[in-house]
1. Once Lys and Arg get +1 and Asp and Glu get -1 on their Cβ, which of Leu392, Trp322, Ile80 lies farthest toward the positive end of the dipole of the chain?
2. Mind sorting Thr205, Thr342 by how few other Cβ atoms lie within 10 Å of their own Cβ, fewest first?
3. Viscosity 1.306 mPa s, temperature 10 °C: Stokes-Einstein D of the chain from its Kirkwood Cα radius, in µm² per second?
4. Would you mind checking which residues have amide H under 5 Å from Thr202's amide H? H placed 1.01 Å from N; only 5 or more apart, or other chain.
5. What range in the chain is the longest one free of trypsin sites (Lys or Arg not before Pro) that are in a loop by DSSP and have at most 13 other Cβ atoms within 10 angstrom?
6. I need Phe378, Phe56 ordered by Cβ neighbour count within 10 Å, fewest first.
7. Count the net charge of all other residues whose Cβ sits under 13 Å from the Cβ of Asn370, scoring Lys and Arg as +1 and Asp and Glu as -1.
8. Given 0.36 nm per residue, what is the gain on full extension from Thr331 to Lys22 after removing their alpha carbon distance, in nm?
Amino acid sequence: MKFLVAGGGLAGLNAAWELKKKGHEVILLEANSRVGGRCWSEELPNGEIIEHGGEFISVFDHTIRAICAEFRLPIVGLGIPFDRRHQVDGSFPKSEELTETMAKMSDAAARLVKNGYGASLRDVAREAFGPDYESLPYCQKLFATTTCDPDLINGYAVAGKMQREGYEYVEHRGRVKQGNDAIAKEIERRLGDSVRLNMPVTRVTNTDAVVTMETANGESFSADRAIIAVPLPILQQLIDTLDLPADMVKAIKGRQMGAAAKLNIMVSGDAPPRGVQAPNAPWWSWTTADNGGDKQRGALTAYAGGKKTMSTLSLENGAQVWLEKVRNYRTDVTVSDDYILTNWAEQPFTKGAYSMPGLDWEPELDGVFNQAAGNIAFAGEHTHFASLNGALESGARAAKLLTLI
């Protein structure tokens, strides 16, 4: 059977790889000149590997860990907690405090949901912590991680995703030693000439017998079945020519895309790895452990999630304002002038960072992508869970859905 896959991020790549392993003919169309999407690694002048996009691999991310094991890609520890950040005053929350705080968010969401599912993330945070919620480290972390406007995303849905059923708080997150996009590059190598780069899909149509994808280059491709794994803003532009179930359309159109920026800087020094919240600001920065595990690597990453936070950093003029802010408060390392700035809001083929459910979300929408729409299935972080692992899982799910028809 012949398949088309639109999108060469981790979701589309894994979908194509699962199909090819089963003996199907696959053509993957990727808009960019590289694969990986928001999984994108690069080397600083000192040889340290940094991540433009997705970075943290949880101990519960079994799919990405299994793929790394298959590809013999080692995952190394970061040496810092992700959910707890040091403050400039020296304070550091205990894990018990974090668990308690997350429970307060869930309890607040449960109270508000009695009036319907439309409460925003800001509504839930205010209900949980009172009028000073924005100054709390956990809320700063939460708003940044979602990357979306907290007034426009669903508080009940987000609280549930951040505290999934059976979730146990465990740190010890990792990264792929060669860079997280080593996964994408290895799948691309195995797919061979099935991958077509510089092919932005601009239109998708289907009948009971065939799916056709047209690209910005003027080319047209047809197949028996297809997986659409493009980022949410691109998907929202494609669905008008498809006959989809109403709840699937609602899930796609109602979801919000967020923005984020990363500043990866070459640094030096022998300080231990540490993640530190910026003073009086909702962004943070971190260094991770070197191969020895006891001191920081020669790279520091600053991260700002959400357009409001990004607007305080004068990114329209480059990285200098942000760089100086980092230098002024990260006195534990020597901050150089060598850096790589990534503003995901400006990336033409993603148009954002991560996505979250909008205010019109309802619980029934969470499972809509667990089914195919005729001969089309969907994949991507917006269809599953907003993480590297979630993208990979969604690709495998989409491939399975279409091969079970």
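1. My answer, from the dipole projection, is Leu392.
2. If I rank by nearby Cβ atoms, fewest first, I get Thr205, Thr342.
3. Here the translational diffusion coefficient equals 73 µm²/s.
4. Residues meeting the criterion, in which the H sits 1.01 Å from N, are Glu214, Thr215, Ala216.
5. Longest site-free region, per DSSP loop and neighbour criteria: 165-405.
6. The order, fewest Cβ neighbours first, is Phe56, Phe378.
7. -2
8. Using 0.36 nm per residue and subtracting the Cα-Cα distance, I get 105.9 nm.
Read-outs throughout are calculated quantities, based only on the coordinates presented, and are distinct from any laboratory measurement. What you are looking at is a predicted structure, and each value in this text was computed from that prediction instead of being measured. Reconstructed Cβ throughout: ideal geometry from the backbone, glycine too, with neighbour counts over all protein chains shown.
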